[in-house]
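Novice: Sharing a structure here in structure tokens format.
The values are calculated or read from the model by the stated rules, or taken from the named source; none is laboratory data. If you're wondering where the values come from, they're calculated on a predicted model, not measured in any experiment. Heads up, the Cβs are rebuilt from the backbone with ideal geometry, glycines too, and the neighbour counts pull from every protein chain shown. In case anyone asks, the SASA skips ligands and DNA or RNA and just uses the protein heavy atoms, side chains included. Shrake-Rupley method; radii C 1.70, N 1.55, O 1.52, S 1.80 Å.
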Amino acid sequence: MPKSDIHAVSALHNPQQNHLLASLPQADFDLFANHLELVPLPLGQMLYEPGTQLRHAFFPTTSIVSLHYVTETGASAETAGVGNEGVVGISLFMGGDTTPSSAVVQTAGHAYRLDRHVLQAEFNRAGALQRLLLRYTQALMTQMAQSAVCNRHHSVEQQLCRWLLLTMDRVPARELVMTQELVASMLGVRRESVTEAAGNLQTAGYIRYRRGHIAVLEREGLEARACECYGVVKKELQRLLRDVHAANT
């Protein structure tokens with residue numbers, strides 16, 4: 001890409017679009033800011049696969065990354081999603097360089113990439129970044145736990161509402177580029193179940209679905225149909241950022 005195009009793209013993006021990076025005191029952020037690299041994340045890109053060595057952490061800004069577990073039979077389900085509220089690659093600072101799960105781009109966009117050596121050095125300095133990443137890991141664990149409970153005890157329609165709401169919280173667009181096959185893979189259910197659930201929500205006037213696109217027409221309706229899992233995850237993420245801001249003031 002020509003330098004002029006790189007500068008044009010960079011002008012539209014800022015590390016502060018990621019809530020974790022934006023929550024850091026300026027002095028702490030400046031310690032590694034020059035090492036942050038803006039990278040495009042196209043739909044479907046695999047950031048890491050099970051058992052492979054992680055080389056970078058990713059701080060999404062306009063993209064969403066899905067953390068997946070794939071069984072021996074090839075079936076898969078999303079354990080958590082990471083958008084502008086978080087970071088992909090917690091294994092790098094939690095004591096392991098590999099993970100049994102995979103990370104694939106669910107919504108195309110951009111992220112800031114940070115070399116694992118830089119991340120680990122800054123984490124081991126035991127400053128603001130370490131406290132922030134540990135708190136985020138707690139919020140991510142909450143999301144994973146709620147996903148497990150939701151997938152076991154709630155209907156596909158409730159799961160779909162939860163998933164749509166969390167996705168909307170991470171991207172400004174009200175229309176998502178998403179096939180029913182991909183949604184089914186995320187939720188770990190049959191495509192026919194997603195078709196039925198999406199049809200019910202479309203009939204109610206909450207969404208409009210056309211091939212490869214889901215437009216949210218009435219967010220309040222989705223919130224009414226969703227289970228409590230969405231509220232639990234959102235509340236934990238809000239608490240994370242609120243506590244971090246309080247600690248830094």
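Novice: Name the shape class, rounded, prolate or oblate, that the alpha-carbon gyration tensor gives for the stretch 60-106, where a ≥ b ≥ c are the square roots of its eigenvalues, rounded holds for a/c under 1.5, and otherwise prolate holds if a/b is larger than b/c and oblate otherwise.
Specialist: Details: a/c = 2.98, a/b = 1.21, b/c = 2.47.
Cα axes put the stretch 60-106 in the oblate bin.
Novice: Could you work out the Rg to Rh ratio of the stretch 41-128, with Rh taken as the Kirkwood radius (inverse of the mean 1/r over all Cα pairs)?
Specialist: When Rh is taken as the Kirkwood radius, the ratio is 0.98.
Novice: Could you give the accessible area per residue of the chain, probe 1.4 Å, as a whole number in Å²?
Specialist: Normalised by residue count, the accessible surface of the chain is 48 Å².
Novice: Using modelled amide H (1.01 Å from N, peptide plane; none on Pro or chain starts), what sits under 5 Å from the amide H of residue 77, excluding residues fewer than 5 places away?
Specialist: HN-HN under 5 Å from residue 77: 69.
Novice: Now for a different question. Which length gain, in nm to one decimal place, applies between residue 97 and residue 125 when the Cα-Cα distance is subtracted from 0.36 nm times their residue separation? It would help to have the intermediate numbers written out before the result.
Specialist: Working: separation 28, 0.36 × 28 = 10.08 nm, distance 1.85 nm.
Extending this stretch completely gives an extra 8.2 nm.
Novice: Separate question: I'd like the Karplus ³J(HN,Hα) series for the stretch 134-140: coefficients 6.51, -1.76, 1.60, θ = phi - 60°, whole numbers in Hz, and an x wherever there's a Gly or Pro.
Specialist: Using θ = phi - 60°, the values come out as 5, 5, 5, 4, 4, 5, 5 Hz.
Novice: Given a 1.4 angstrom probe, I'd like the percentage of the accessible area of the stretch 34-115 that is carbon and sulfur, rounded to a whole number. Mind dumping the intermediate values first?
Specialist: Values: 1720 of 3340 Å².
Carbon plus sulfur share of accessible area: 51 percent.
Novice: Whose amide H sits under 5 Å from the amide H of residue 217, counting only residues 5 or more places off or on another chain, with H placed in the peptide plane?
Specialist: Those lying under 5 Å, H to H, from residue 217 are 207, 208.
Novice: If we count every other residue with Cβ under 12 angstrom of residue 154's Cβ, Lys/Arg +1 and Asp/Glu -1, where does the sum land?
Specialist: Cβ neighbours under 12 Å give a net charge of +1.
Novice: Would you mind counting up the charge near residue 123? Only other residues with Cβ under 15 Å from its Cβ, with Lys and Arg at +1 and Asp and Glu at -1.
Specialist: Residues near residue 123 contribute 0 overall.
Novice: Using DSSP to define loop residues, name the trypsin sites (Lys or Arg not before Pro) in the stretch 159-193 whose beta-carbon has at most 15 other beta-carbon atoms within 10 Å.
Specialist: In loop regions of the stretch 159-193 (DSSP not H, G, I, E or B), the sparsely surrounded trypsin sites (Lys or Arg not before Pro) are 174, 190.
Novice: Give the Debye-formula value of log10 I(q)/I(0) at each listed q (0.13 Å⁻¹), with one equal scatterer per alpha carbon of the chain, two decimals each.
Specialist: Result of the Debye calculation: -0.83.
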